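The values are calculated or read from the model by the stated rules, or taken from the named source; none is laboratory data. Source: prediction; values computed, not measured. When we count neighbours, we look across all protein chains shown, and the Cβ atoms used for this are built from the backbone with ideal geometry, even at glycine.
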Amino acid sequence: MSVPHFARLLVVGLLAMLAFIPSSIASANAPTRELLVNTPYTDQGFCSFDVQVDPLVSKEYITTFTDKNGNIIQQIVTGTLKLSLTNLATGQSLVINASGPGRLIPLQNGTMIIAEGQTFYAGATTTLPWGLYLISGKTIITPQQTTVQGHVTDLCAALSA
């Protein structure tokens, strides 16, 4: 039985592509998946008042990919995270959906975080002052800077209204 010419080309093409896969990926370990445990805590110093953060729905998972030596290549966070935020000075509260997803990629000079969808962010960026934010869009955090592409809700302002 003869193999059609296109089938031989397909096999040769696939073998050629496999030759270009980095050895760290080709011989990587199976990924691991774990439930992320989110517990209540108080954010201090991000707003002019303390904010109590309580998980209402915490069903996020982190999947970790490693190379053959066990070094982390990347981690992906998926699932549902809904939080209740309360201004401890006034009792004003709101509920946010911060379900992501996000990726953590180790770099030689730190970790790069790429968050998409809904992200609860505490800190400052190149365009935002110190505070608490809900970002709908893409957030890229590196050791050098944080950039935001999308809609930003100032949670300190929302909690002080």
Worksheet item: Does T119 qualify as being polar (S, T, N, Q), under 15 Å from T153 (Cα atoms) and touching a Leu at 6+ places or on another chain (Cβ under 8 Å)?
Response: yes
Discussion item. If I ask for residues that are of a type outside the set (A, V, I, L, M, F, W, C) and touching a helix residue (DSSP H, G or I) at 6+ places or on another chain (Cβ under 8 Å), which ones from region 45-70 would you list?
Written reply: S48, D67, K68
Item to complete: Restrict the check to region 65-84 and report whether at least one residue is modelled with pLDDT under 95 and basic (K, R).
Response: yes
Discussion item. Tally up the residues in region 137-152 that are loosely packed, with under 15 Cβ neighbours inside 10 Å and either among the polar types (S, T, N, Q) or modelled with pLDDT under 90 (or both), please.
Written reply: 5
Discussion item. Considering only residues that are surrounded by 16 or more Cβ atoms within 10 Å (Cβ to Cβ), of a type in the set (S, T, Y) and in contact (Cβ under 8 Å) with a residue 24 or more places away in the chain, which ones fall in region 65-97?
Written reply: T66, T86
Discussion item. I'd like the full set of residues that are surrounded by 14 or more Cβ atoms within 10 Å (Cβ to Cβ) and either out of contact with any Asp or Glu (no Cβ under 9 Å at 6 or more places or on another chain) or in contact (Cβ under 8 Å) with a residue 60 or more places away in the chain (or both), limited to region 125-135.
Written reply: T125, G131, L132, I135
Worksheet item: For region 45-84, which residues satisfy the criterion of being touching a strand residue (DSSP E or B) at 6+ places or on another chain (Cβ under 8 Å), under 21 Å from W130 (Cα atoms) and either hydroxyl-bearing (S, T, Y) or part of a loop (DSSP other than H, G, I, E, B) (or both)?
Response: F46, C47, F49, D50, S84
Fill in: Where N69 falls short, out of the listed (1) within 15 Å of P106 (Cβ to Cβ); (2) among the polar types (S, T, N, Q); (3) within 18 Å of the chain's Cα centre (by Cα)
(3)
Worksheet item: From the residues in region 98-118 that are over 14 Å from the mean Cα position of the chain (by Cα) and part of a strand (DSSP E or B), which one is surrounded by the fewest Cβ atoms within 10 Å (Cβ to Cβ)?
Response: L107
Fill in: All positions within region 129-157 that are closer than 22 Å to S93 by Cβ and either of a type outside the set (V, I, T) or in contact with a Pro (Cβ under 6 Å, 6 or more places away or on another chain) (or both)
W130, G131, L132, Y133, L134, S136, H151, D154, L155, C156, A157
Worksheet item: Would you call S58 over 18 Å from H151 (Cβ atoms) and surrounded by 15 or more Cβ atoms within 10 Å (Cβ to Cβ)?
Response: yes
Fill in: Matching residues in region 119-161 - criterion: being among the hydroxyl-bearing types (S, T, Y) and under 17 Å from the mean Cα position of the chain (by Cα)
T119, Y121, T125, Y133, S136, T139, T142, T146, T147
